[in-house]
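Asks: Sending over a structure as structure tokens; questions will come in a sec.
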Amino acid sequence: MMTLEKVQFQLEIPLNSSKGVLFNCISTPSGLAEWFCDDVNIKKDVHIFFWDGSEESARMVSKKKDEFVKFRWLEAEEEGEDTYFEFRIRMDDLTGENSLVITDFADDDEVEDAKDLWRAQVNRLRQVLGCGPQGSRKPDKRLLSQGAQVWWPLSSMFLISVLDATVAPF
């Protein structure tokens, strides 16, 4: 049976949260259980994630305080796949707002479904952080004063380019 090669994808989601609070949500069992899964148990460097009666195990392969945490599913590791999922905190130099950058892998024909799943999970994280659902915030007045045209739909995420005042989906 021929298996499809996994492709890497990323999502970057702006979150109005401090690095410390956000890092707690992506790196600790209690933080992860608030938005990513129902519960987490840890045995050495292996995190056992529980969802609706099922469980999946992942090894934490690296982390740096207030910056990122990277996991590798044990099943993928056993199959020799060089895949992982990572939560990285990125600060926007212009606005000072923190974003969560999620890197993951999926079969080519399942990338959009995987992105939808991550968006749903992050909406739970936004609720935990008190950010509200994606698209509920107001445009930055500094950007508007520089002539940017900004539209914040509920179903899409957009990057704003102040230099040429365009909005481009990613």
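Read-outs throughout are calculated quantities, based only on the coordinates presented, and are distinct from any laboratory measurement. All figures in this text were calculated on a predicted structure; none of them were measured in a lab. Neighbour counts are summed over all protein chains in view; Cβ atoms, including those assigned to glycine, are modelled from backbone coordinates with ideal geometry.
Asks: Please identify every one of the trypsin sites (Lys or Arg not before Pro) in segment 23-119 that sits in a loop by DSSP and has no more than 16 other beta carbons within 10 Å of its own beta carbon.
Replies: Listed in order of number, the matching sites are LYS44, LYS65.
Asks: Tell me, in nm to one decimal, what length is gained between SER62 and LYS43 on full extension, where the rule is 0.36 nm per residue of separation less the Cα-Cα distance?
Replies: 5.3 nm
Asks: Looking at segment 53-104, what % of the alpha carbon pairs are farther apart than 19 Å?
Replies: That tail contains 39 percent of the Cα-Cα pairs.
Asks: A further question on this structure: Regarding segment 2-132, what's the average projected area of the Cα-atom convex hull, expressed in nm²?
Replies: With the hull built on Cα positions only, its mean projection is 8.6 nm².
Asks: Calculate, in nm to one decimal, what ARG119 and ASP82 gain on full extension: separation in residues at 0.36 nm each, minus their alpha carbon distance.
Replies: So the extension gain works out to 11.0 nm.
Asks: Now for a separate question. What does the extension gain come out to for VAL111 and SER18, with contour length at 0.36 nm per residue minus their alpha carbon separation?
Replies: 30.5 nm
Asks: For segment 1-66, compute the number of Lys pairs whose alpha carbons are separated by less than 18 Å, excluding pairs fewer than 8 positions apart on the same chain.
Replies: Close lysine pairs found across segment 1-66: 6.
Asks: Something else now. If I histogram all Cα-Cα distances within segment 7-57 using bins 10 Å wide from 0, what percent of pairs lands in each bin?
Replies: 22, 43, 33, 2
Asks: Within segment 1-108, report the GluC sites (Glu not before Pro) that DSSP leaves as loop and that have at most 10 other Cβ atoms within 10 Å.
Replies: Loop-located and lightly packed - GLU5, GLU79.
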